[in-house]
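**Q** Can you read through this structure? Questions will come right after.
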Amino acid sequence: MTHVTQDDGLAGTVTARVPAKVNLQLSVGPLRDDGYHDLVTVFHAVSLFDEVTVRMADRTSVVVSGEGGPAVPLGPANLAVRAAVALARATGRRSKGAGGVRIEIRKRIPVAAGLAGGSADAAAALVACNELWHAGLNNSELTHIGAQIGSDVPFALTGGTAVGIGRGERLTRALVSGSYQWVLAFGATGLATPDVFAACDRLRAARGARDGEAPAVPAPKLSTELMAALRSGDPAAVGPLLTNDLQPAALSLQPLLRRALSAGKEHGALGAIVSGSGPTCAFLAADPDAARDLAVAITGAGVCRAVVQVSGPAPGACVVESRALHP
Ligand code: C5P
């Protein structure tokens, strides 16, 4: 970590890098009274990173560049802004009028894609501002603040592979061997997470009405088979065990995603799944060469907007450059 105090235009800036996630299991329980669903999910961070740079400013503002940048809100609805404001409040800076920060987000994670890009930016803003302000909060304190910003923020701070319960914000690290090669296929348009959860509820209610019984949604359970396969480090064992309860809902909102999933399976993917609330499709490959071949084949099939090759597990949000001024 570099600390400089000379005026090179970069003094007083901190940059953090943060990964996207896919869900290896996403089991969705019944709708709760608070509008959320109890989940059991296996988060897996992948090597597709956003970067967030923060610097001292009189008032808080945000600029966004890169993949899907124009779609990202620039006001208080921006999750990175909300994270910075929450941290300034928690550390008492806001009440002293010293919580202003200029936030620059460089996006590679697409927006509204089921990859938790907004939550990732919030997590990066938390670790970057914690460093910029010498606030000294530990990971569990940042996680507590992050959970109030969004259900996926704690995982973006943690990274790796982890089991999430509750809204997805209560995490336990998972024991995983080896690394996993993925191809991600981005959809032409995004999907809003609340819309996909609502579609999931509608599909379940319709199925219950059709079957003539009340739609009793069982409590979600962790797949012990998937956890054993992850411990074994064998992608061929993991592939068929990938599951996502939101996938039928995402497919009902974007039926063309079926073609993307079929193209991946036809071209040798070990597993093919909608990532989180979609519309990104994630394909598991045996090794980097197989992933490259799969990426070429899916691109050639013309079933998605863009394709990237990534690996996991990737580390969580961390500071990659610090020119924080000495306190
Ligand atoms: O927590 P976050 O703000 O990211 O959630 C966005 C929306 O996704 C929620 O408002 C809710 O509609 C839905 N959601 C849910 N159950 C969860 C997580 C999210 O219904 N466990």
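**Q** Could we say that Ala219 is within 16 Å of the ligand (Cβ to nearest atom), of a type outside the set (Ser, Thr, Tyr), surrounded by 15 or more Cβ atoms within 10 Å (Cβ to Cβ) and not in a strand (DSSP E or B) here?
**A** Judged against the criteria, Ala219 is not a match.
**Q** Oh, and also: Just checking, does segment 73-83 include any residue being over 30 Å from Asp195 (Cβ atoms), of a type in the set (D, E, K, R) and either in contact (Cβ under 8 Å) with a residue 24 or more places away in the chain or crowded, with 24+ Cβ neighbours inside 10 Å (or both)?
**A** Within segment 73-83 (the criterion being over 30 Å from Asp195 (Cβ atoms), of a type in the set (D, E, K, R) and either in contact (Cβ under 8 Å) with a residue 24 or more places away in the chain or crowded, with 24+ Cβ neighbours inside 10 Å (or both)), the answer is no, since none of the residues qualifies.
**Q** Just to be sure, is Ala135 surrounded by fewer than 24 Cβ atoms within 10 Å (Cβ to Cβ), in contact with a Ser or Thr (Cβ under 6 Å, 6 or more places away or on another chain) and part of a loop (DSSP other than H, G, I, E, B)?
**A** Yes; evaluated as a whole, the condition is true for this residue.
Residue-by-condition table, conditions (1) small (Gly, Ala, Ser); (2) under 22 Å from the mean Cα position of the chain (by Cα); (3) assigned to a strand (DSSP E or B):
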site: Ala237; (1), (2), (3): yes, no, no
site: Pro255; (1), (2), (3): no, no, no
site: Arg259; (1), (2), (3): no, no, no
site: Ala282; (1), (2), (3): yes, yes, yes
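**Q** I've got another one for you. What's the total number of residues in segment 157-177 that are in contact with an Asp or Glu (Cβ under 9 Å, 6 or more places away or on another chain) and more than 11 Å from the ligand (Cβ to nearest atom)? Let's see the steps before the verdict.
**A** Residues of segment 157-177 that are in contact with an Asp or Glu (Cβ under 9 Å, 6 or more places away or on another chain), as a first pass: 164-169, 177.
Now drop any that are not more than 11 Å from the ligand (Cβ to nearest atom), which leaves 177.
So the answer is 1.
**Q** Moving on to the next point. With in contact with a strand residue (DSSP E or B) (Cβ under 9 Å, 6 or more places away or on another chain) and assigned to a strand (DSSP E or B) as the only criterion, which of Val163, Val176 stands out? So that I can check it myself, show each step before the final result.
**A** Values: Val176 fails: assigned to a strand (DSSP E or B).
Every option except Val163 fails the conditions.
**Q** Pairs under 6 Å by beta carbon, first residue closer than 13 Å to Val28 by Cα and within 13 Å of the ligand (Cβ to nearest atom) in segment 191-209, partner assigned to a helix (DSSP H, G or I) and at pLDDT 95 or above, six or more apart or different chains?
**A** These pairs meet every condition: Val196/Ala249; Val196/Ala250; Ala199/Ala249; Ala199/Ser252; Ala199/Leu253; Cys200/Ala249.
**Q** Of the numbered conditions (1) touching a strand residue (DSSP E or B) at 6+ places or on another chain (Cβ under 6 Å); (2) in contact (Cβ under 8 Å) with a residue 12 or more places away in the chain; (3) part of a helix (DSSP H, G or I), Asp293 fails exactly one; give the number of that condition.
**A** Of the numbered conditions (1) touching a strand residue (DSSP E or B) at 6+ places or on another chain (Cβ under 6 Å); (2) in contact (Cβ under 8 Å) with a residue 12 or more places away in the chain; (3) part of a helix (DSSP H, G or I), the odd one out for Asp293 is (1).
**Q** Restricting attention to segment 230-242, report how many residues are touching a strand residue (DSSP E or B) at 6+ places or on another chain (Cβ under 9 Å) and either of a type in the set (Lys, Arg) or surrounded by 17 or more Cβ atoms within 10 Å (Cβ to Cβ) (or both).
**A** Selection size over segment 230-242: 6.
**Q** So Ala250 ticks every box in (1) in a loop (DSSP other than H, G, I, E, B); (2) in contact with a Pro (Cβ under 8 Å, 6 or more places away or on another chain) but one. Which box is left unticked?
**A** Here Ala250 meets the rest and fails (1).
**Q** Of the conditions (1) crowded, with 23+ Cβ neighbours inside 10 Å; (2) modelled with pLDDT under 95, Gln6 clears all except one; give me its number.
**A** The failed condition is (1).
**Q** I'd like the residue in segment 85-130 that is part of a helix (DSSP H, G or I), away from the ligand (no atom under 16 Å from the Cβ) and not hydrophobic (A, V, I, L, M, F, W, C) and, out of all such residues, is farthest from the chain's Cα centre (by Cα).
**A** Filtering first and then ranking leaves Arg89.
**Q** So, one more: Scan segment 102-121 and report the pairs whose first residue is without any contact (Cβ under 8 Å) to a residue 60 or more places away in the chain and whose second residue is hydroxyl-bearing (Ser, Thr, Tyr) and surrounded by fewer than 24 Cβ atoms within 10 Å (Cβ to Cβ), with Cβ atoms within less than 6 Å and a gap of 6+ or a chain change.
**A** Correct list of pairs: Arg102/Ser61; Glu104/Thr53; Arg106/Ser65.
The values are calculated or read from the model by the stated rules, or taken from the named source; none is laboratory data. Here the structure is a predicted model, which means the values were calculated and not measured. Don't worry about glycine lacking a Cβ; one is built from the backbone with ideal geometry, like all the others, and counts go over all protein chains shown.
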